[in-house]
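What follows is a set of notes on a single structure, which appears directly below.
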Amino acid sequence: MTTNEIINPANLVHKKTDLLTDVPMHYCPGCSHGVVHKLLAEVIDEMGIQEETIGVAPVGCAVFAYNYIDIDWQQAAHGRAPAVATGIKRLLPERYVFTYQGDGDLAAIGTAETIHACNRGENIMIIFINNGIYGMTGGQMAPTTLEGMKTSTSPYGRNVELNGYPLNITKLLAELEGTCYVTRQSVHNVAGVRRAKKAIQKGFENSELKKGTSVIEIVSTCNSGWKLSPAASNDWMVKNMFPAYPLGDLKNV
Amino acid sequence: MEEVRLMKGNEAIAEAAIRCGCDGYFGYPITPQSEIMETMMLLKPWETTGMVVLQAESEVAAINMVYGAAGCGKKSMTSSSSPGISLKQEGISYIASAELPCVIVNVMRGGPGLGTIQPSQADYYQSVKGGGHGDYKMIVLAPASVQEMADHTVLAFDLAFKYRTPVMLLADGVIGQMMEKVVLPPFQPRMTEEEIREKYPWGTLGKLKGNKKNVITSLALLSEEMEKTNNHLQAKYREIEKNEVLYEEFQCEDADYLIVAFGTCARVCQKTVEMAREEGIKVGLLRPITLFPFPTETIKKYAEQTKGMLSVEMNAGQMIDDVRLAVNGKVPVEHYGRLGGIVPAPDEVLNALKEKIVK
């Protein structure tokens, strides 16, 4: 069979959504970001809301999200994405506005912006990639780094006496009156990917219904930062991250 | 018929913003400027013009809400006072780099630190030299009356959109708190989304089919690209310096000595000029209205005509640097100022003028 026969439209079973651009992704092989980007692009495409969606990119590995998904974007200062999204959404209340943030961005430097946007019940979706590490800056300790977990700034493992406890921010956000949907998902296997996609769609639907803030945490891997192979990272995540950050809905109003 | 009202400078800003079609205000309370947000909340513009007024959780959040709103091509603003403006510097640097138009009001109070709630002009350097990280400037307007608080609000938005740049209204606690009569600007409708798409096609209003996506960002990892961004910004600042200098001259024609002062100090120094002239000392007052761009050429011209200049500021001597750069050693330039929230009196300034300049 020649290549041309293989790419015959009649044989097409799965097509990459047009919303994913052809810009080569800078993410490491095995990183969860690529999968979550694809899901986001697919959901926006399937819901037909490309013209009405504005994304807010963070500081961190996903800063270049705007290169990969073909919608209007704003890139926010570190941790400020929920405030930027608030400014957009308040002036464009009929648009779909989402932020895409990592754990350092959302749960350390941007804690105040995250909590207050959620507490105001901004009709936005927050996608929260939690891999327990600062990926872009080279693997430093994050607020969600597990106890005993080694990073470049906790080389002997996170010591709670020195660094405090891993911050379960999603649980905290579920307590706020302003959030309508708080869920924790993963994309390490097919079932997880399917559930994560449904969660993202629900987040957009909640925005449309003006129900409040939707928070979708994706417990993720950072094989470069964790210094493990992609497959070993998945195993490590299941064994260590999931007990600390159990999957499932924390709130669904 | 024009409408004359008696109000505080802070209230005039709020009224003018609503009237000139501002889309969104985001702020955090701090003395001596809280009346700006309070007035807006009382006026409920969301019921009339549709303007959004939101109290943010911090100055940091407020300036980033402005970033988001401005990125959509919307007219947006924030206001604060000195310590709060320090917190906004990160956001202002991003706004300057991403080339977003917005208005930032600083009703200055005495610092450093928590300082005092009394008026000051000690944020001159911070405002005109950049303030946050990186090579950038803001257009800085220095109102000296309640009328100018209203007029400059309208002007600030015009300049912000003309150059896609943040514009600061640099007032102080006196101008913010004092009451004077003011003619408010006429109502302008807010721009529709269609108008924004046409006039500001860079705004993130949602990517329409057939259009390229819009991205508001300040990131360029490649140095060559970032240098290009910087060169573009610098070219814009040179253009602003060429076109937008504003100043007022008071009894300068025959002056032997020149006082340079802005904002509240300029009001005080008008009296000083009159007192000096009664004593036969020919003094003029040059009041920069734009602090960036600075009236360098005009001051240079007066360096040929006068025997000395006094820069009067409510700080330890900041604008004097720009006066001296303009004068370039031609005549002596000295500074007189009060610190910590004290407004100098006209006779104090006259004594300083006699001691330091008129010898």
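Summary of values
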quantity: Only listed residue being over 21 Å from residue A:84 (Cα atoms), in the same structural domain as residue B:173 (by TED's automatic domain parsing) and surrounded by 24 or more Cβ atoms within 10 Å (Cβ to Cβ), chosen from B:91, B:115, B:130, B:110; calculated: B:110
quantity: Condition check for residue B:80: hydroxyl-bearing (Ser, Thr, Tyr) and within 22 Å of residue B:110 (Cβ to Cβ); calculated: yes
quantity: Any hit, the stretch B:131-148, residues being modelled with pLDDT under 95 and in contact with a Phe, Trp or Tyr (Cβ under 7 Å, 6 or more places away or on another chain); calculated: no
quantity: Exclusive hit being more than 14 Å from every other protein chain (Cβ to nearest Cβ) and either open to solvent by 30 Å² or more (accessible area, probe 1.4 Å) or at pLDDT 95 or above (or both), set B:233, B:222; calculated: B:233
quantity: Pick from the stretch A:4-48, criterion under 14 Å from residue A:218 (Cβ atoms) and touching a residue at least 60 places away in the same chain (Cβ under 8 Å), ranking: most open to solvent (accessible area, probe 1.4 Å); calculated: A:35
quantity: Residue in the stretch A:98-114 that is out of contact with any helix residue (DSSP H, G or I) (no Cβ under 6 Å at 6 or more places or on another chain), within 13 Å of chain B (Cβ to nearest Cβ), not in a helix (DSSP H, G or I) and not acidic (Asp, Glu) present; calculated: yes
quantity: Selected residue (only one of B:13, B:18 is more than 14 Å from chain A (Cβ to nearest Cβ) and either more than 17 Å from the chain's Cα centre (by Cα) or surrounded by fewer than 23 Cβ atoms within 10 Å (Cβ to Cβ) (or both)); calculated: B:18
quantity: Matching entry among B:163, B:200 (being open to solvent by 10 Å² or more (accessible area, probe 1.4 Å), within 14 Å of chain A (Cβ to nearest Cβ), within 25 Å of residue B:227 (Cα to Cα) and not aliphatic (A, V, I, L, M)); calculated: B:200
quantity: Residue B:49 within 14 Å of chain A (Cβ to nearest Cβ) and surrounded by fewer than 24 Cβ atoms within 10 Å (Cβ to Cβ); calculated: yes
quantity: Qualifying residue in the stretch B:100-111 (condition: at pLDDT 95 or above, closer than 23 Å to residue B:21 by Cβ and at the interface with chain A (Cβ under 9 Å from one of its Cβ atoms)); calculated: no
quantity: Any hit, the stretch B:307-324, residues being over 15 Å from residue B:262 (Cα atoms), touching a Ser or Thr at 6+ places or on another chain (Cβ under 8 Å) and without any contact (Cβ under 8 Å) to a residue 60 or more places away in the chain; calculated: no
quantity: When residues of the stretch B:175-189 are limited to those that are buried (at least 18 other Cβ atoms within 10 Å of the Cβ) and in contact with a Gly (Cβ under 8 Å, 6 or more places away or on another chain), the one nearest to the other protein chains (Cβ to nearest Cβ); calculated: B:176
quantity: Unique residue being part of a loop (DSSP other than H, G, I, E, B) and within 12 Å of the chain's Cα centre (by Cα) when the list is B:121, B:188; calculated: B:121
quantity: Helices (runs of 4 or more DSSP H) (entirely within the stretch A:131-232) containing at least 2 residues that are among the charged types (D, E, K, R) and closer than 20 Å to residue A:98 by Cα; calculated: A:190-208
quantity: Residue satisfying all of: in the stretch A:222-253; under 30 Å from residue A:177 (Cβ atoms) and out of contact with any strand residue (DSSP E or B) (no Cβ under 8 Å at 6 or more places or on another chain); least open to solvent (accessible area, probe 1.4 Å) among these; calculated: A:244
quantity: Residue identified as open to solvent by less than 10 Å² (accessible area, probe 1.4 Å) and either over 18 Å from the mean Cα position of the chain (by Cα) or within 10 Å of chain A (Cβ to nearest Cβ) (or both) among B:96, B:150, B:142, B:56; calculated: B:56
quantity: Sole residue being without any contact (Cβ under 8 Å) to a residue 12 or more places away in the chain, surrounded by fewer than 24 Cβ atoms within 10 Å (Cβ to Cβ) and of a type outside the set (Asp, Glu), chosen from B:8, B:44; calculated: B:44
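The values are calculated or read from the model by the stated rules, or taken from the named source; none is laboratory data. Worth saying up front: this structure is predicted, and the values here are computed from it rather than measured. Neighbour counts are summed over all protein chains in view; Cβ atoms, including those assigned to glycine, are modelled from backbone coordinates with ideal geometry. The accessibility values were calculated without ligands, DNA or RNA, using every heavy atom of the protein model including side chains. Shrake-Rupley method; radii C 1.70, N 1.55, O 1.52, S 1.80 Å.
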